[in-house]
Amino acid sequence: MSSSSDANSKNDFSQGSVIKNILSLALPMTLAQLINVLYNIVDRIYIGRIPENATLALTGLGLCLPIISMVTAFANLFGMGGAPLCSIERGRGNGQEAEAIMGNSFVMMVLSGGVLTVLGLLFKRPLLYLFGASQYTMPYADSYITIYLLGSIFVMTGLGMNSFINAQGFGKIGMLTVLLGAVSNLILDPVFIFVFKLGVQGAAWATILSQGLSALWILRFLTGSQTILRLQKKDFRLKRRRILAIMGLGLSGFTMSVTNSLVQIMYNACLALFGGDLYVGIMTVINSVREVISLPVNGLTGSAQPVMGFNYGAGEYKRVKQAIVFMSVVSVIYTTAMWSLVHGFPGFFIRIFNHEGDLLAAGIPAMRIYYFGFFMMSLQFAGQAVFVALGKSKNAVFFSVFRKVIIVIPLIALLPGFFHLGVNGIFMAEPISNFAGGLACFSTMLITVWPELNGKKRNKKNA
């Protein structure tokens, strides 16, 4: 059983260099996220190379993304909600409450995973048609999502509980967790897809079996002797106050995933209307590229959260400010560099997933429009990370909704009809939202958080 002294003696982020603390987590966490993305994009890479109907099959997988995002949303609700609270309680020296938070989060992940499986299987076909499926792409989408939903609990546990490993400072263990599943997926995908000739069904089986291995590894670690906070049955008893606190903070990550799902639905439906199945396939490729190039900045902001949360709980407000500055500057530099690469070499990124001429020809201008000013998105990432790390759930939720629901979705619906922009107008919605949403989120964070940190004094116990 963990104690308060254990929480303070191991992975104490109030000691040493703030930058070093962040980077010690950033590399393994970024690698872990890169590996985690392989669960989905490796499927798309292999499916994009099947001998027949590769583009239709790839488009079918793209139509499943909103449902996959919904599963991720609930993993974020309890994982991203509970993990920062654990960091704050560890910073306060309250190891028992931190363990109780983790136990309650785990139970909620399992329960919601079961509910999502049942509901998803019942309503999958009408949902896929709503998302833009046609008679040609439905068989591929239906085959993939049916099997994927059967592994929802594995996905929930693998994604959500790994946050609690990283929150304790075990970045390398978190990386190894997803490495196990990703390598398994990398091996199983070609076996199921090409050797057993299962196509998209093979990709889905490979994914959920690999996620199952990751989930088992996580549970083994969190119930073992190496962890600081241990997952124990006594902490599975749900308490309303604790669940509400977890969900309140997790609403940011949940809302981001839900709004991502809504945006994907709008993109697919409008692109199917104005451009047909080809442009839904292009959107699948664009989303896949985005997942990859966003990884380092997601890893950096994610690794900064435990450091900021711990120091905030410990009353080390100067160190919180140092973390914010470092995270923000590096994020802007990185996303500016990636924007330059995508704009200059869009064909290279598209060919990773598909080589067909029609998709390549139409995809290159679409990529350049969609990623214009990508560096502004880093301000959204940084602002959100600060709000979540410091427990300011209302601000985090608002800006998740503001960028996607208030800006992107209306623009997707309106821009195609303006000046006959068509599909170009649909792709323009993203860069406009990056500029407006990124500036609004980051400036609000500076206006509200910075003066608060300047005005606060250190806790007496830390003086």
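The values are calculated or read from the model by the stated rules, or taken from the named source; none is laboratory data. As the structure is a prediction and not an experimental result, all values here were calculated from the model. Virtual Cβ from ideal backbone geometry, glycine too; neighbours counted across all protein chains shown. For accessibility, only protein heavy atoms count, side chains too; no ligands or nucleic acids. Shrake-Rupley method; radii C 1.70, N 1.55, O 1.52, S 1.80 Å.
Key figures for this structure:
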quantity: Given (1) buried (at least 19 other Cβ atoms within 10 Å of the Cβ); (2) touching a residue at least 60 places away in the same chain (Cβ under 8 Å); (3) out of contact with any Leu (no Cβ under 6 Å at 6 or more places or on another chain); (4) not aliphatic (A, V, I, L, M), number of the condition residue 335 does not satisfy; calculated: (2)
quantity: Residues (surrounded by fewer than 16 Cβ atoms within 10 Å (Cβ to Cβ) and closer than 14 Å to residue 263 by Cβ) located in the range 407-431; calculated: 410, 413
quantity: Residue 170, sole failed condition from (1) of a type in the set (Phe, Trp, Tyr); (2) farther than 25 Å from residue 59 by Cβ; (3) at pLDDT 90 or above; calculated: (3)
quantity: Per-region count, the range 216-232, residues surrounded by fewer than 19 Cβ atoms within 10 Å (Cβ to Cβ), touching a helix residue (DSSP H, G or I) at 6+ places or on another chain (Cβ under 8 Å) and closer than 25 Å to residue 151 by Cβ; calculated: 1
quantity: Test: residue 265 is in a helix (DSSP H, G or I), open to solvent by 20 Å² or more (accessible area, probe 1.4 Å) and among the β-branched types (Val, Ile, Thr); calculated: yes
quantity: One residue from 198, 213 being open to solvent by 60 Å² or more (accessible area, probe 1.4 Å), of a type outside the set (Gly, Ala, Ser) and touching a Leu at 6+ places or on another chain (Cβ under 9 Å); calculated: 213
quantity: Selected residue (criterion: most open to solvent (accessible area, probe 1.4 Å)) from residues of the range 55-72 that are more than 13 Å from residue 149 (Cα to Cα) and either out of contact with any Lys or Arg (no Cβ under 9 Å at 6 or more places or on another chain) or not in a helix (DSSP H, G or I) (or both); calculated: 56
quantity: Selection from the range 232-249 of residues that are in contact (Cβ under 8 Å) with a residue 12 or more places away in the chain and more than 23 Å from residue 221 (Cα to Cα); calculated: 239, 242, 243, 245, 247, 248, 249
quantity: Any chance residue 252 is within 23 Å of residue 63 (Cβ to Cβ), assigned to a helix (DSSP H, G or I), among the hydroxyl-bearing types (Ser, Thr, Tyr) and in contact (Cβ under 8 Å) with a residue 12 or more places away in the chain; calculated: no
